[in-house]
Amino acid sequence: MNVTVCFHLDLNYLDSSEKGELDRVYQNGLKKLLKVLYSSSDFLISISIPGAVLDYYSERFPEAVELLKELVARSQVEILGGGYHAPILPLLQPADRSGQIEKMTTLLRSLIGKRPRGLSLYGSIWDDSLIQPLKACGFDYVFLDESLVSDSLGQSPLIVSEYGKSIRVLVVRKSLAPLVDEDPSAWMNRLSSSCAKSPDESTDVLCCVELDMDSVLRIADRKFLSVLLGPESPVMLSIPVLYLKSCQSYVRTFIPPAMKKIHMARKTYSSIHDYLFDNPAVLHLYERMIYINMLISQSHGKDKMRKRAAQEKLWEAQCGTFFVSFSGGEGRVSSSRTRQTAYKLLNEAERYLRESGQFVEALTSFDYNCDGFNEYVFQSEHFNAVISPVGGRLCDLNVLTNGANYTDACLSGDRSKAAAFMVETLSEKEPEKFAVSDSDLNWSDALFAERKFDGKRKDILLESECSFSQLKMPVSLQKKIVASSTGFMVQYIVKNLSPFQLRAHFSVSFGFSQTDFSSRKDFQYELELIQDGNRIKPSKDRCILKKGVSMLQISDTGGRMVMLFEPNEEAGFIAETEVLREQEPETRVQNLKFYWPVDLAAGRAMEKTINFMLIPSKKGRND
């Protein structure tokens, strides 16, 4: 049995926006590896690296790219292709997918001198619908993680097909990488015994080993290389492009949509779409990405330079690290900090499109997130907002002047039901906290029916009927939303439809996500309000005012934005800073709640109104 080993260094997890991290990876890892490769001509390896990172290295460390070019020329190193920004290819529109791949291919041809024949998918996020487009882009093979393929298929190269097109699959095994402090001989024995498990001993065995920077440097040590490249070594090193030229045997199979495991306490996801549906914050980022793609595709006859700039920002925002992180091993949900970077890029793209033609404010109704219900999308000069009929809440608020998304962290996990932006609650007791009890009527999950929609007047009227308390008292909430260039006017009409007296407290909650992560100590929001005619600065960490609040100003010192809340009647008020410690880095949310007492006889109604305004500010944290 002939055993061939192909090493694969996967650097697709690198974020091109983190320049300090890129420099650290080069100085502490890549530079040392290139030095060993240049001096050991028998040491072969394939490398996956995002095009944006390679572009940065070509400017920052041009000598490294020149050395890579020489190593590729002597068939010692193979640089794999893929999307320029290491996107999740199954999530992209065909034009974005082919555009990113072609941009990466053009970069490799100009810097390295060769067109890539294979690629590595970010996070091994695979879908069989990729076979045709990848083949059309000139790829012969793709690397996929061992968790996606059954062990019964052995270790020979696989081949998958779809609609008359086929592509070869090389299974990479991270489990065969050398362990910390593992002896070279012990590692070689483990590698050999794994290859010996091939069900067909008459065929060549290909063992592709996935390495991170730490493990590749362990192999590059002289002690390891002397065993690996010595005359008694049981394996032969190669790179995929050389091995596949002489390969005589493939195993035909079908690989369903799948991805690398994502480390979460709740479950393991079998596909990228299962992951999105279970993580609302990431799903909303994906929906925003699709929306910007739609705006670009519908932009005809406008400034081509600005349209191209918007396309570049969209591609940059499609980087896989913004949706799921595979840095340091198993996958994790992307942090709010990285998603804010993506939102900033998408907001810049929308701003470029608006500058390319005459912008007109508009309120439209269509199925924005493909959930079967029409959402309401309002485009203002300074912001973009999406209102969902589910809960009647503002589920997406992007401010174009500072690029921030103020609703991102409010959608993390169960908080999407309890403290999202503009959610109404009816409670028997006077509110003292933001948690919603079982006895409360929370409209966050209620489906509001559309009673009126006027795009010209930017007017929406929604209504929902639910049951309250143990008596199951029917209560209706009518919600009128009027959009303007400065914000929203929201009118609430609560009506008692039961034959009993309704005594409760009606509250409206808002949650502002942290968008500025430049300071670990100071939270970006500052509160100021008017109570009983007096101007006070309440504590943003924890504040309860039972009555008398007639206006609230919340200043975003990092994003240069002021938000004003003005109820038509004096209200009770609660403020609380919530820390989401499960995120890394930890993320804070500024929760706000206005509430009023309710005392309605049978068939009577109560009306409350809140004016919400967004005003750009010239003053920031450092002013």
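Details
- Being at pLDDT 90 or above, hydroxyl-bearing (Ser, Thr, Tyr) and open to solvent by 20 Å² or more (accessible area, probe 1.4 Å) is a property that does not hold for residue 268.
- The set of residues in the range 317-356 that are open to solvent by 30 Å² or more (accessible area, probe 1.4 Å) and out of contact with any Gly (no Cβ under 8 Å at 6 or more places or on another chain) comprises 327, 328, 330, 332, 333, 337, 338, 341, 351, 352, 354, 355.
- Looking only at the range 1-59, and only at residues there that are among the charged types (D, E, K, R) and part of a loop (DSSP other than H, G, I, E, B), the one that is farthest from residue 326 (Cα to Cα): 42
- Selected residue (only one of 574, 544 is within 21 Å of residue 394 (Cα to Cα) and among the β-branched types (Val, Ile, Thr)): 574
- If you go through the range 1-51 and keep only what is of a type in the set (D, E, K, R) and touching a residue at least 12 places away in the same chain (Cβ under 8 Å), you end up with 10, 15, 19, 23, 31, 32, 42.
- Of all the residues in the range 70-97, those that are surrounded by fewer than 17 Cβ atoms within 10 Å (Cβ to Cβ) and either without any contact (Cβ under 8 Å) to a residue 40 or more places away in the chain or part of a helix (DSSP H, G or I) (or both) number 5.
- Selection status of residue 282, within 20 Å of residue 212 (Cα to Cα), among the aliphatic types (A, V, I, L, M) and either at pLDDT 95 or above or under 12 Å from the mean Cα position of the chain (by Cα) (or both): no
- Residues of the range 457-487 that are part of a strand (DSSP E or B), over 17 Å from residue 376 (Cβ atoms) and not hydrophobic (A, V, I, L, M, F, W, C): 465, 467, 474, 476.
- Candidate set: the range 164-179, residues that are in a loop (DSSP other than H, G, I, E, B) and open to solvent by 70 Å² or more (accessible area, probe 1.4 Å); chosen: the one nearest to residue 127 (Cα to Cα): 164
- Condition broken by residue 569, with the remaining ones in (1) assigned to a strand (DSSP E or B); (2) closer than 14 Å to residue 508 by Cα satisfied: (1)
- Residues that are in contact with a strand residue (DSSP E or B) (Cβ under 6 Å, 6 or more places away or on another chain), part of a loop (DSSP other than H, G, I, E, B) and open to solvent by 10 Å² or more (accessible area, probe 1.4 Å), drawn from the range 501-539: 523, 532, 537, 538
- Scanning the range 104-120 for residues that are open to solvent by 30 Å² or more (accessible area, probe 1.4 Å), β-branched (Val, Ile, Thr) and within 27 Å of the chain's Cα centre (by Cα) turns up at least one hit.
- The range 227-250, subset out of contact with any strand residue (DSSP E or B) (no Cβ under 7 Å at 6 or more places or on another chain), in contact (Cβ under 8 Å) with a residue 12 or more places away in the chain and not hydrophobic (A, V, I, L, M, F, W, C), residue least open to solvent (accessible area, probe 1.4 Å): 233
- Tabulated pairs, the range 365-385, first in a loop (DSSP other than H, G, I, E, B), second open to solvent by 20 Å² or more (accessible area, probe 1.4 Å) and among the polar types (S, T, N, Q), C-beta under 7 angstrom, 6+ apart or interchain: 367/374; 374/365; 380/485; 381/485; 382/401
- Filtered by the rule that a residue be without any contact (Cβ under 8 Å) to a residue 24 or more places away in the chain and more than 22 Å from residue 429 (Cα to Cα), the range 460-479 gives 461, 463.
- Residues considered: 332, 337. Of these, the only one that is assigned to a strand (DSSP E or B) and either in contact (Cβ under 8 Å) with a residue 40 or more places away in the chain or among the aliphatic types (A, V, I, L, M) (or both) is 332.
The values are calculated or read from the model by the stated rules, or taken from the named source; none is laboratory data. What you are looking at is a predicted structure, and each value in this text was computed from that prediction instead of being measured. Every residue, glycine among them, receives a Cβ derived from its backbone with ideal geometry; neighbour counts consider all protein chains shown. Just so you know, the surface numbers come from the protein's heavy atoms only, side chains and all, with ligands and any DNA or RNA stripped out. Shrake-Rupley method; radii C 1.70, N 1.55, O 1.52, S 1.80 Å.
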